[in-house]
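FYI, it's all coordinate maths here, none of it is from the lab. Owing to the predicted nature of the structure, the values given are computational and were not obtained by experimental measurement. Don't worry about glycine lacking a Cβ; one is built from the backbone with ideal geometry, like all the others, and counts go over all protein chains shown.
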Amino acid sequence: MLIEQKRHLLNPVARPDRVMVRGKGSELWDDAGRRYLDFVQGWAVNALGHCPDEIAGALARQSTTLVNASPAYHNECELALASRVAALSSMSRVFFCNSGAEANEGAIKLARKWGTLHRDGAYEIVTAVNSFHGRTLATMAASGKPAFEGLFPPAMPGFVKVPFGDADAVRRAIHSKTVAILVEPIQGEAGVVVPEAGYLGKLREIADAHDVLFMVDEVQTGIGRTGTMFAHQHDRVAVDVMTLGKGLGGGVPLAATVASERASCFSPGEQGGTFNGNPLMTAVGLAVVDAVAKPGFLESVRTHGELLRESLASLGAQSGIVEVRGRGLLVAARLDMARAESVRDAAFERGLLINAPRPDTLRFMPALNVTELEIAEMIDVLARVLAER
């Protein structure tokens, strides 16, 4: 059996003994022919679901033309996607890379370079408790994830963590060595924690008052996930640096560090990567962004997000759901006790894929084009699982 070959893998992720072999839309099938309804979608990666025609077509067309010309040269798809992202974000410069962690690593480097040029060598970045920015050494140090404490010492210095949603704590943390503020508009790995309205606006004011950069990690929330193209647009704030990943590639490895003109200070040789901005991946990014930007698409995300939240809330306290939170199609349900992993595992056995980012929290990240029928099917399965658990 295929699963017997798992002994050849390093094992940083706990996974069930099933091998996924095929997917379409909101459905996955394993090598035994079992069908699963997927409300994880690669941790919010598959913006258009599994194997959408837009991505399949872009890959097929581009793979016969140009796969990788090297970052030493411009390519048509990279230029087109950079222009598209800049226009949609009202920002100036884009650096494409392969993962959200790499995009955040680039943002950290960009901020430190900016501090060298404009703030007398300032390098500290204020981040949030329970934040998640990636698994490189620098992005783990920037993250406020408790499980990262003490791993792979010594930790990279230069990050000050304050409670998420507390603008006053951010203000108090800034001093002469501070160069930037870095937050997620919604904390996804922490269990879809949505700050109070106005939080991002206050951070923008604080950054301006102290002449530091305001950076947002939109790796999970960007490209339509919350019902706007980028989550910080709900608050109508401008940012200096934004990072993208996950949904940008719709399932292929594509991410970006996006910067305002003010923050764009890299010189040749200071950032790069062998596969960065290659035409095969950026052709896919163009297809995804064009699909999400079509008239009515984001409205549908908001409508279906509201339906998902209302449907979860309708299960009520008798099911053990005590809180539903989120925005767009990034949604969490908090349970009455620490049984989220048990519920997740039981749902898996019934053919439903959901996520348990916290002991008492379930997370739902369906395709952005999920249907009402698929939401109803998910709720039906979940209701039966919760009744048994």
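Comparing Cα centroids, segment 341-359 and segment 14-36 end up 14 angstrom apart. Close amide-amide hydrogen proximity is noted between residue 160 and 125, 126, 127, each under 5 Å apart and 5 or more residues distant or on a separate chain (H modeled in the peptide plane; Pro and chain starts excluded). Taking every DSSP helix (H) stretch of at least 4 residues in the chain, weighting each as -39,500 (n - 2.57) and dividing the sum by the residue count yields a mean residue ellipticity at 222 nm of -10500 deg cm²/dmol.
Can you tell me the orientation of helix 100-118 relative to the chain, as the angle in degrees between its alpha-carbon axis and the longest Cα principal axis, to the nearest 10? The answer is roughly 20 degrees.
Going from the fewest other Cβ atoms within 10 Å to the most, the residues 310, 124, 102 appear in the order 310, 124, 102. For segment 136-144, the Karplus equation 6.51 cos²θ - 1.76 cosθ + 1.60, evaluated at θ = phi - 60°, returns couplings of 6, 4, 5, 6, 5, 5, 6, 6, x Hz by residue, with Gly and Pro reported as x.
Computed on the chain, the Cα convex hull volume stands at 148 Å³ per residue. In the chain, the longest principal axis of the Cα atoms and the axis of helix 297-315 are about 50 degrees apart. Segment 195-226 and segment 173-194 have Cα centres lying 8 Å from one another. Near the amide H of residue 256, within less than 5 Å, lie the amide hydrogens of 97, 244, 245, all on another chain or at least 5 residues away, with H placed in the peptide plane. Compute the distance from the alpha-carbon center of segment 79-136 to that of segment 274-324, in whole Å. Cα centroid to Cα centroid, the span is 23 Å. Subtracting the Cα-Cα distance of residue 384 and residue 13 from 0.36 nm times their residue separation leaves 130.8 nm of extension gain.
From the alpha carbon gyration tensor of segment 174-312, can you work out the equivalent ellipsoid semi-axes (sqrt of 5 times each eigenvalue) and give them in Å, largest to smallest?
26, 23, 12
When the chain is treated as a Gaussian network with alpha carbon springs shorter than 10 Å, the biggest mean-square fluctuation among 365, 281, 91 belongs to 91.
Which of the listed residues, 87, 115, 214, is farthest toward the dipole's positive end in segment 54-292, when Lys, Arg count +1 and Asp, Glu count -1 at the beta-carbon? Of the options given, the answer is 115. From most to least packed by mean Cβ count within 10 Å, the peptides 220-233, 72-85, 172-185 give 220-233, 172-185, 72-85.
For each pair in 109/294; 246/294; 161/202; 113/145; 145/246; 24/145, compute the distance between the two Cα atoms and list the pairs where it is over 24 Å.
Long pairs (Cα-Cα over 24 Å): 109/294; 113/145; 24/145.
Output the antiparallel fraction of DSSP beta bridges having both residues in segment 235-389, as a percent to the nearest 5.
Numbers: 16 of 17 bridges.
So the antiparallel bridges in segment 235-389 amount to around 95 percent.
Exposure proxy for 97, 51: other Cβ atoms within 10 Å of each Cβ, ordered fewest to most, give 51, 97. Taken one residue at a time, the phi angles of segment 189-205 give Karplus couplings (6.51, -1.76, 1.60, θ = phi - 60°) of 5, 7, x, 6, 8, 9, x, 5, 4, x, 4, 5, x, 5, 5, 4, 5 Hz. Gly and Pro are set to x.
Please rank 321, 354, fewest neighbouring Cβ atoms within 10 Å first, as an exposure proxy.
On the way: 321 20, 354 23.
So the residues, fewest neighbours to most, are 321, 354.
With both residues required to sit in segment 54-292, DSSP beta bridges show an antiparallel share near 40%.
Against the main long axis of the alpha-carbon atoms of the chain, helix 340-349 sits at an angle near 50°.
Note on residue 307 and residue 338: the extension gain reaches 8.6 nm, defined as 0.36 nm multiplied by sequence separation minus the Cα-Cα distance. Based on the convex hull around the alpha carbon atoms, segment 43-148 presents an average projected area of 9.4 nm².
Remark: relative contact order (the chain) = 22 percent; criterion is Cα-Cα distance under 8 angstrom and separation of 6 or more residues.
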